[in-house]
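Read the figures in this text as sums done on the coordinates, not as results from a lab. Treat the numbers as computed from the prediction; the structure is a model and nothing was measured. Positions of Cβ are backbone-derived with ideal geometry, glycine not excepted, and every protein chain shown enters the neighbour counts.
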Amino acid sequence: AAASMNKAAGVYWGSGTLVHSPEQFIEDAAQMTREELPLNLWVDFRPQRNADGTLGIFTTGLAALGHMEMEVAASHGDPEAVMARLVEVAYHLVDRDLHSADGDLIDLPPGKPLLVAHKPSIWGRDLTVLQIQL
């Protein structure tokens, strides 16, 4: 409702620390189904380049959905492919309400199973995260 206000400049989703344009928020929310959750509205997947050139990614917003936040510490993979895979893993866990234990493998085709570890956040956040090697 707030997104459809005439003067709305944006929609702030606090738990994901995200700001969306009203038009995009309305469009994505309208397309939401049980099979097509709009994680992009709820979860921030924030990439950053590490000093050594590797890619790091962390999420904000999964905790509000009852899941651990996720981090990729240092990936040498293609940034777009790594990001897409992390989004896919998050969707898989949220959609099925799965909670991976420390040392679990997430077997999500295509590709090899992904090892997850419960570790302290490497981005200075005071929480334990699902660290995923991608």
Margin query: Debye calculation, C-alpha points only, no solvent: report log10 I(q)/I(0) for the chain at q = 0.09, 0.13, 0.17 Å⁻¹, in the same order as the q values.
Written below: -0.29, -0.58, -0.95
Notebook entry, point to check: Roughly how many debye, to the nearest 20, is the charge dipole of the chain about its Cα centre, given +1 on each Lys and Arg Cβ, -1 on each Asp and Glu Cβ, and no other charges?
Noted result: 260
Item checked: Residue of ARG85, ARG49, ARG96 that the Gaussian network model of the chain assigns the largest fluctuation, springs spanning Cα pairs under 10 Å -> ARG96
Checklist line | Given charges at Cβ of Lys, Arg, Asp, Glu: the chain dipole, positive-most of ALA101, LEU114, VAL11 | finding: VAL11
Item checked: Burial order of peptide ranges 65-76, 107-118, 50-61 (average beta-carbon count within 10 Å, highest first) -> 65-76, 50-61, 107-118
